[in-house]
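*Asks:* Dropping a structure here in structure tokens format, bear with me for questions.
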Amino acid sequence: MADIEKAEELYTAKNIEVLSELEGVRKRPGMYIGATNASGLHHLIWEIVDNGVDEAANGYGDHIYVTLNKDGSVSVEDEGRGVPVDIHKATGKPAIEIIYTKLHAGGKFSDKAYQTAAGLHGVGATVTNALSEYLDVTVFRQGSTYHIRWENGGKLKTPLEKIGNTRKHGTLVRFKPDKTIFSTTEFKWDTVYNHLREEAFLLRTIHFVLRDERSGQSVEFYYKDGLKEYVASLNEHKNPLGDILTFSDSKNVKTANNPIRMEVAMQWCNQDYNDNLISYANNVRTHDGGSHETGFKAGLTRAVNDWAIQNGLLKETQKVDGNDIREGLTAVISVQIPENILQYESQTKAKLDTAEVTPLLNDFVYTNLMYFLTEHKAFAIDLVKKCSASKQAREAARKAKEAARNGKVKKNDAVISDKLAAAQSKDYANNELFIVEGDSAGGSAKSGRDRMYQAILPLRGKPLNTDSITMERMKQNVEFSTIIQTIGAGVGADFDPAESHYGKIIIMTDADTDGAHIQILLLTFFYNYMKPLITNGMVYIACPPLYGVYKKNDKSHIVYAWDDKTLEEAKAKVGPGYAISRYKGLGEMNADQLFNTTMNKKTRRLLQVHIDDPLVVENRISVLMGSDASKRREWIEQNIQFNVEDSFIKEVKK
Ligand code: 28G
């Protein structure tokens, strides 16, 4: 190695050493909280809450109080032992200072058998400190009250001091996120509400009290029946078949130094074509499932088939598929996995990869379900009938598809609505379907589009809410049947995303509350009947610009803007003497403008739709079902923002 390289290497090594851990976090916040959007912002709260939850889970205190303050800060308080304040020998500093400013690699500082999947224990508080304008801790411990404060990303402002006596014990943390780091610093009631509710379901012994000083709202979550209440809330507006089943057990495996704990709650519903499997490993959601879900599914399929065969309901040759059994099933699976065998498939930790768990779950579900079915024969018979009906429907759909493919039934192009302006290309994956609010915007979109690969389907009025109607009624609706025909990939259990005639389905509405409502109604339809479109990331929302900036009296050259930031940039670009138009709807743009601002791949903005928070989905459904229009409007405003990522619609994609 050349000397100069050696010198450089030494220099970097030294630099890394000098760079404090707090600065490291500020340089690469994404590494610690995922992103600096709304999701990352809320992570700051979760990290602090996690520490309080750990203390409570260890048996110290059973309430956690979370308050969203008026100044944009958050307070979190627990009733535990209080963060230690004694002097840490190696450094001569109070322990609390180390805890809030060092990233001591997870585990070292922790004596816990079950690490969170995030593996961030003990690191979280430092991350929150590093990314805050201020972080203030008050400790109530052994008769005394202590206080310490950092500012500007963890710079010690007020050293630890005893400020009084107390009879209470616990920790109170208050912090305000740093505006220079995050794209938004507004905490959302719904996001915090859903997160704490989810934790309350999973933890079952802890009371969470959430208050919002900005609005005066408050709520307490405490679910002593845990997952059972979780499933009950997910199925609240559905038509259940039988009761909620709950099983729990714990098993030792040779490779692990602690038992694996397993818990399941499940219930089937009629008139629902999706399977709603929600799984957790160490209380962290595993969006893509993995070992535990695999075991669960195998045990479930085995139990239903074995019971049906043993009781003469099915012959050996008539076995039902896992898919048929899971149609309409809501299940929450929660496993606690000892740290030494906790593994994930990838960096994102969305898929569990602990092989030991699969046979355990398989056996656990099989044994418990076989027992339950035997004890509840009438239910078991209904269930087997339901599964057989699903199988028949699936086979009929497959046969119809095959017949169409073999030319026995001519695919009738005339069925496809004359409202559709189709794309010329047959490269389906690259094609885009714009579902456009209103005939007039639809007209502009038709003439402005790139005919090669963009198709336009105008929608008249508001689509029906598919939560409150049956599949039969939905299919009779002209708008939905047109969408189904246009996409050409089936519907409900028969839907196959691989057959979609479009790689992207783009919902294009006005940027107002009516537009937002139309978006939700369409998303509700896709969620209920074409869920894989959403889980495969094929559904998008178009973002028309909110402003146009131009030289006064000269609209020949317009610079578009989507939010305050791009508006400032647009003003600067146009220069002195600018004028601003605020766009209220798609209809205000002509065909060229609509294409260039909202449809052109090079310049448009799209939001990719993810609906992965089951509680958000459930909440959405109850709001949509309700007749209270003002509540609905409020929910839309809380949960859908244009050009800003949030819990419902995440990830800005160009
Ligand atoms: C309010 C919001 C967030 C916390 C505690 C309590 C202790 C603690 C926290 O110790 C260092 C690591 C394991 C011993 C532990 C107090 C033992 C005895 C604690 C919180 C030293 C951290 N007394 N409460 N950390 N431990 N609450 N709430 O952060 O070995 S953090």
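*Asks:* Show me the helices (runs of 4 or more DSSP H) found entirely inside the stretch 528-623 where at least 2 residues are over 21 Å from the mean Cα position of the chain (by Cα) and modelled with pLDDT under 85. Spell out how you get there, then give the answer.
*Replies:* Details: elements: 531-535, 564-574, 591-594.
Result: 564-574.
*Asks:* If I filter the stretch 557-575 for residues that are touching a His at 6+ places or on another chain (Cβ under 9 Å) and touching a residue at least 12 places away in the same chain (Cβ under 8 Å), do I get at least one hit?
*Replies:* If we filter the stretch 557-575 for residues that are touching a His at 6+ places or on another chain (Cβ under 9 Å), which is where we start, we get 574.
With touching a residue at least 12 places away in the same chain (Cβ under 8 Å) added as a condition, the list becomes 574.
Within the stretch 557-575, one or more residues are touching a His at 6+ places or on another chain (Cβ under 9 Å) and touching a residue at least 12 places away in the same chain (Cβ under 8 Å).
*Asks:* How about the stretch 160-184: which of its residues are outside any strand (DSSP E or B), away from the ligand (no atom under 13 Å from the Cβ) and surrounded by 14 or more Cβ atoms within 10 Å (Cβ to Cβ)? Don't jump to the end; show me each part of the working.
*Replies:* Start the filter on the stretch 160-184 by keeping residues that are outside any strand (DSSP E or B), which leaves 166-169, 178-184.
Filter once more, so that each one left must be away from the ligand (no atom under 13 Å from the Cβ): 166-167, 178-184.
The answer is Thr166, Asp178, Ile181, Phe182, Ser183, Thr184.
*Asks:* Also: Being closer than 29 Å to Arg398 by Cβ and either in contact with a Pro (Cβ under 7 Å, 6 or more places away or on another chain) or basic (Lys, Arg) (or both) is true for just one of Ala455, Ala498, Ala489, Ala423. Which residue is that?
*Replies:* Ala489
*Asks:* Hey, another quick one. Looking only at the stretch 105-142, how many residues end up being part of a loop (DSSP other than H, G, I, E, B), within 14 Å of the ligand (Cβ to nearest atom) and either modelled with pLDDT of 95 or more or farther than 20 Å from Gly80 by Cβ (or both)?
*Replies:* Final tally of qualifying residues: 4.
*Asks:* Go through (1) in contact (Cβ under 8 Å) with a residue 60 or more places away in the chain; (2) surrounded by fewer than 16 Cβ atoms within 10 Å (Cβ to Cβ); (3) more than 25 Å from the chain's Cα centre (by Cα) for Leu314 and report which single condition fails.
*Replies:* Every condition holds for Leu314 apart from (2).
*Asks:* OK, next. Just one of (1) of a type in the set (A, V, I, L, M, F, W, C); (2) surrounded by 16 or more Cβ atoms within 10 Å (Cβ to Cβ); (3) in contact (Cβ under 8 Å) with a residue 24 or more places away in the chain trips up Ile244, so point out which.
*Replies:* Of everything listed in (1) of a type in the set (A, V, I, L, M, F, W, C); (2) surrounded by 16 or more Cβ atoms within 10 Å (Cβ to Cβ); (3) in contact (Cβ under 8 Å) with a residue 24 or more places away in the chain, Ile244 misses just condition (3).
*Asks:* To continue, here is another question. Do the conditions hold for Glu263, that is, is it under 17 Å from Leu361 (Cβ atoms) and part of a helix (DSSP H, G or I)?
*Replies:* On the way: under 17 Å from Leu361 (Cβ atoms): yes; part of a helix (DSSP H, G or I): no.
When the stated conditions are applied, Glu263 does not pass them.
*Asks:* Show the residue pairs that are 6+ apart or on different chains and have beta-carbon atoms under 7 Å apart, the first residue being within the stretch 71-100 and away from the ligand (no atom under 13 Å from the Cβ), the second being assigned to a loop (DSSP other than H, G, I, E, B).
*Replies:* Cβ pairs passing all conditions: Gly72/Thr185.
*Asks:* So is Ala378 in contact with a Gly (Cβ under 8 Å, 6 or more places away or on another chain), assigned to a helix (DSSP H, G or I), surrounded by fewer than 18 Cβ atoms within 10 Å (Cβ to Cβ) and of a type in the set (Gly, Ala, Ser) or not? Walk me through it before giving the result.
*Replies:* Numbers: in contact with a Gly (Cβ under 8 Å, 6 or more places away or on another chain): no; assigned to a helix (DSSP H, G or I): yes; surrounded by fewer than 18 Cβ atoms within 10 Å (Cβ to Cβ): yes; of a type in the set (Gly, Ala, Ser): yes.
No, not satisfied.
*Asks:* Of the residues that sit in the stretch 143-159 and are away from the ligand (no atom under 14 Å from the Cβ) and crowded, with 20+ Cβ neighbours inside 10 Å, which one is nearest to the chain's Cα centre (by Cα)?
*Replies:* The selected residue is Gly153.
*Asks:* Now for a separate question. Do we find that Lys419 is modelled with pLDDT under 80 and under 24 Å from Lys475 (Cα atoms) in this structure? Lay out the reasoning, then the answer.
*Replies:* Working: modelled with pLDDT under 80: no; under 24 Å from Lys475 (Cα atoms): yes.
So Lys419 does not fit the description; no.
*Asks:* If we scan the stretch 466-473, do we find a residue that is within 22 Å of Gly537 (Cβ to Cβ) and surrounded by 16 or more Cβ atoms within 10 Å (Cβ to Cβ)?
*Replies:* Checked against the condition, which is being within 22 Å of Gly537 (Cβ to Cβ) and surrounded by 16 or more Cβ atoms within 10 Å (Cβ to Cβ), the stretch 466-473 yields at least one hit.
*Asks:* Further question on the same structure: Restricting to the stretch 186-197, what's the tally of residues that are buried (at least 17 other Cβ atoms within 10 Å of the Cβ) and in a loop (DSSP other than H, G, I, E, B)?
*Replies:* So the count comes out to 2.
The values are calculated or read from the model by the stated rules, or taken from the named source; none is laboratory data. For clarity, every value in this text was computed on a predicted model and none was experimentally measured. Heads up, the Cβs are rebuilt from the backbone with ideal geometry, glycines too, and the neighbour counts pull from every protein chain shown.
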